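The values are calculated or read from the model by the stated rules, or taken from the named source; none is laboratory data. All of these numbers come straight from a predicted model, not from anything done at the bench. A quick note on method: Cβ atoms are made from the backbone with ideal geometry, for glycine too, and the neighbour counts reach across all protein chains shown. Calculation scope for accessible area: heavy atoms of the full protein, side chains included, ligands and nucleic acids excluded. Shrake-Rupley method; radii C 1.70, N 1.55, O 1.52, S 1.80 Å.
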Amino acid sequence: MGSIQLQFAFICFLSLAMFQSTHAQNTPRDYLNAHNAARARVGVGNMVWNTTVADYAQSYANKRIRDCNLVLSGGPYGENLAKGSKALTGTVAVNFWASEEAYYDHTTNTCARGHDCRLYTQVVWRNSVHLGCSRVQCADNGRWFVMCSYHPPGNHIGESPY
C-alpha cells in the first residue's frame, strides 16, 4: 500500500475508534443486553426497548443537564439513575445497579444491612418488561447522567421482584 493509502486507512481507523468509544455501550441494544444479562441470571424474561419510555427518560435527563442531581422524576415509570465521569456509559451504569445482587437475598426478599437493593430489584423486576434509557452530559461539571425508565414500574413494597 502506498503512503497516502496508509495514511487514509489510519485516519479512517482512528475516526472509527473515536466514534465507537464515544457511542459504544450507550445504544438501546447495549442497555437491553446489560439488563437482560442480569435478568437471565435469576430466570426472568427479557425486556424490550420502548420508544415512549425512552422518550420520557430522554426528556427527564434533559431537565437534569444543569445539575445532574439524582432526583427521581416522580413520573409514571420505575427509574434508576446514575451519574459519573466519562467512563460512566449506559452499560457501566446498568452493571453498577445489577451489582447490588450481591447484597440481595431472594429467599427472604431482603437486602443486607447497610445496603439498598432497590436499583437491582428494579433491573430484575419480572413485570417490568418495557425499557427506555438515556445518557446526557452534565453542564455543570462535565460528568454524565444516566437514566433508565421501566414500565410497568417495580419495587412494590412486600413483593418479590421475581
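If you take every DSSP beta bridge fully contained in region 44-162, what fraction is antiparallel? Give it as a percent rounded to 5. Kindly include the intermediate steps, with their values, before the conclusion.
Numbers: 17 of 19 bridges.
Around 90 percent of the beta bridges assigned by DSSP in region 44-162 are antiparallel ones.
Using the Kirkwood radius over Cα pairs, work out the Stokes-Einstein diffusion coefficient for region 37-152 at 25 °C and 0.890 mPa s, in µm²/s as a whole number.
Here the translational diffusion coefficient equals 169 µm²/s.
Please report the spacing between the Cα centers of region 26-101 and region 104-141 in Å, no decimals.
Taking the Cα centre of region 104-141 as reference, the centre of region 26-101 is 9 Å away.
Over the chain, what percent of the accessible surface lies on carbon and sulfur atoms, probe 1.4 Å? The partial results should precede the final answer.
Numbers: 5270 of 9170 Å².
Carbon-and-sulfur percentage of accessible area, whole number: 57.
In region 47-105, which trypsin sites (Lys or Arg not before Pro) are in a loop and have at most 12 other Cβ atoms within 10 Å, using DSSP for the loop call?
Filter output for region 47-105: Arg66, Lys86.
Using only Cα atoms, find the angle between the long axis of helix 28-41 and the longest principal axis of the chain, and express it within 0 to 90 degrees, rounded to the nearest 10.
Roughly 40 degrees, rounded to the nearest 10.
How much net charge surrounds Val124 when only other residues with a Cβ under 12 Å from its Cβ are counted (Lys, Arg +1; Asp, Glu -1)?
Surrounding charge for Val124 is +2.
Let me check against my output: what whole-number percent is the relative contact order of the chain, with C-alpha pairs under 8 Å and at least 6 apart?
That works out to 31 percent.
Sort all Cα-Cα distances of region 35-89 into consecutive 10 angstrom bins from zero, then give the percent of pairs in each bin up to the one containing the longest distance.
Once binned at 10 Å, the Cα pair distances of region 35-89 give 19, 43, 34, 5.
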